[in-house]
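K.L.:
Sharing a structure, written as structure tokens. Questions coming.
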2 protein chains.
Amino acid sequence: VTPAATDALVARALDGDRAALARVVSIVEQGGEPARAASAEYHRRAGHAWIVGITGAPGAGKSTLTDRLVAELLARDSTDSGTRVGVLAVDPTSPFTGGAILGDRVRMQEHATDPRVFIRSMATRGHLGGLSASAPQAARLLDAAGYDWVVVETVGVGQVEVEIAGHADTTVVVVNPGWGDAVQANKAGLMEIADVFVVNKADRAGARDAVRELDAMLELSAQRAWRPPIVSTVATGGEGIVDLVAALESHRAHLTAVGEVAARRRSRAAEELTAVAVELVAQDALARCQGAAFDALVNAVAEGTTDPYAAARELLAGS
Amino acid sequence: VTPAATDALVARALDGDRAALARVVSIVEQGGEPARAASAEYHRRAGHAWIVGITGAPGAGKSTLTDRLVAELLARDSTDSGTRVGVLAVDPTSPFTGGAILGDRVRMQEHATDPRVFIRSMATRGHLGGLSASAPQAARLLDAAGYDWVVVETVGVGQVEVEIAGHADTTVVVVNPGWGDAVQANKAGLMEIADVFVVNKADRAGARDAVRELDAMLELSAQRAWRPPIVSTVATGGEGIVDLVAALESHRAHLTAVGEVAARRRSRAAEELTAVAVELVAQDALARCQGAAFDALVNAVAEGTTDPYAAARELLAGS
């Protein structure tokens, strides 16, 4: 893709061409120079969407919840202009095959033909900051393309997932009934990023206990101006989704009222800039991790004749 | 800590001084120049330990399993020299408070006074490759300090955790009975890194189904020379731990017989070198992400007058 072709593609994507938008998301995902060129085109048009991050342990029902949330956001729209919702499902990738597993996204195809909805899975790609940079960038792109809501759903409760969710305007943490799930959420650092809690599968035994545990943990947490509401849902049956949307709207109204939207976005810009800076230097370092000089250093490390730090310095000093 | 003091500390750690060892782990964990200096001292003495990675979803019972595994490894030892076991528990850190939650490690204090055991929690610290570099380095340090087994237990199934487990000689993936857990393990890329599967909490309903699901997924996977055994355990009661140790020994014997130990260690050296190289450049980039120039660029990004990529390039070009 030439720079001029990228510019034209981004222009079409921002103009409502969904196929073009899908291709630009791929460009953003792959990173490198084309992603940077695209970013320059769309970044200035962003800033209108409300970005909702959804995170929680694997199996908590985040995909189904996202599915229902999208339907409810669309259903509430009574304007002519039409609410549009973008979904980014950040899936873990096998470090060996490089393929995202999209099985549970198939269900969302009911929305896939709806022109008001744009759904995209993104793969995570290791620890080099690529994801931290690319998922928020893709959210920014959907924002610039005119989506009113962008839902970023992350699978897993690793650090990276927590960070992605932290880039949202409203972060939803999903737990299930059952001993320990709320405690695990606390351990994984989710308590501090949650703006809204969802106890999903609330028809199961222990749902009230889960709400109580979360409530107790919120009591023990540092008091903030916003106390995260706890919403009980049965996503498979659509129960509680109206309450979830109400909680999102309420959080949005709160942030707007206290003037914290700009502060959050500034802090997000700082994180984005940091992530991109690290990505740029990491890509440069990775480019050096191949070839004969690298192989020789690897052998020396494996045989114990040097240590990884000395070898890395030698590698980076080479030209 | 001066370089000379670090050298002396590492020498004492390698000589069996556990307090010194604990301090060197902290140095490795904190990274930077002192970690590099320490690495040069211990790296060449490593290469004798068998490193066992234990990973799986939060709440799967990995800590208890590790606890029991340590006890069993010690109990099997009938030599005078004495088997020594090191444990690195890699805990998620809240991105906001920076504190690892060590509550569930308290239980392991039964081993804490045992001179044959060294236990240490390590915090994860974001997406910048610091963890990927520091946990394997700490494992290498315990190896050099003469621990025969080093168990690296990671909480969570994020990409980083998968990578850490991938640095092991034998990687154990822990799942629980219950619909979907095995499927989630597959989604998270764990099928491909597992050398041994453990179905823990095997006294619960669905344990046989979980074994069957894993078995079916192994059938569908690419055939490898080693087919991961599936061990059922009830870690809280100590059941199946003998089988787990047998599975570890069997995998070790297999890798040794086919000559893959050296190949794995070489590939590990390549990953370590890459992680360290990225860490070095990332630290340099991070050092630039503060101060007036950075703040001005953040404001420009937040206001949409520039994009993160252009801003990052400007930041990195500055001196």
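K.L.:
Go through (1) outside any helix (DSSP H, G or I); (2) open to solvent by 50 Å² or more (accessible area, probe 1.4 Å); (3) among the acidic types (Asp, Glu) for A:Glu33 and report which single condition fails.
P.N.:
(1)
K.L.:
Just a yes or no: is a residue in the stretch B:265-279 surrounded by 14 or more Cβ atoms within 10 Å (Cβ to Cβ), among the basic types (Lys, Arg) and within 30 Å of A:Glu41 (Cβ to Cβ)?
P.N.:
No, that holds for no residue.
K.L.:
Still on this structure, I have one more. Counting just the residues of the stretch B:14-30 that are open to solvent by less than 50 Å² (accessible area, probe 1.4 Å) and within 14 Å of chain A (Cβ to nearest Cβ), which one comes out nearest to the chain's Cα centre (by Cα)?
P.N.:
Checking each candidate, the answer is B:Val28.
K.L.:
How many residues does the stretch A:256-283 contain that are among the hydroxyl-bearing types (Ser, Thr, Tyr) and either more than 8 Å from chain B (Cβ to nearest Cβ) or over 29 Å from B:Pro308 (Cβ atoms) (or both)?
P.N.:
The number of residues fulfilling the criteria is 2.
K.L.:
Same structure, new question: Where residues in the stretch B:287-319 are more than 7 Å from every other protein chain (Cβ to nearest Cβ) and among the aliphatic types (A, V, I, L, M), which of them is least open to solvent (accessible area, probe 1.4 Å)?
P.N.:
Only one residue fits best here, namely B:Ala300.
K.L.:
Now a separate question. Which one is surrounded by the most Cβ atoms within 10 Å (Cβ to Cβ), of the residues in the stretch A:38-71 that are under 30 Å from A:Ala269 (Cβ atoms) and charged (D, E, K, R)?
P.N.:
Selected residue: A:Lys62.
K.L.:
Any idea which of A:Ala225, A:Ala216, A:Ala253 is more than 14 Å from chain B (Cβ to nearest Cβ) and in a loop (DSSP other than H, G, I, E, B)?
P.N.:
A:Ala225
K.L.:
Would it be correct to say that A:Gly240 is more than 10 Å from chain B (Cβ to nearest Cβ) and at pLDDT below 95?
P.N.:
no
The values are calculated or read from the model by the stated rules, or taken from the named source; none is laboratory data. The structure presented is a predicted model; accordingly, all values stated were derived computationally and were not measured. Please note: Cβ atoms are built from the backbone with ideal geometry, for glycine as well, and neighbour counts cover all protein chains shown. Side chains are part of the model used for accessible areas, which takes the heavy atoms of the whole protein and leaves out ligands, DNA and RNA. Shrake-Rupley method; radii C 1.70, N 1.55, O 1.52, S 1.80 Å.
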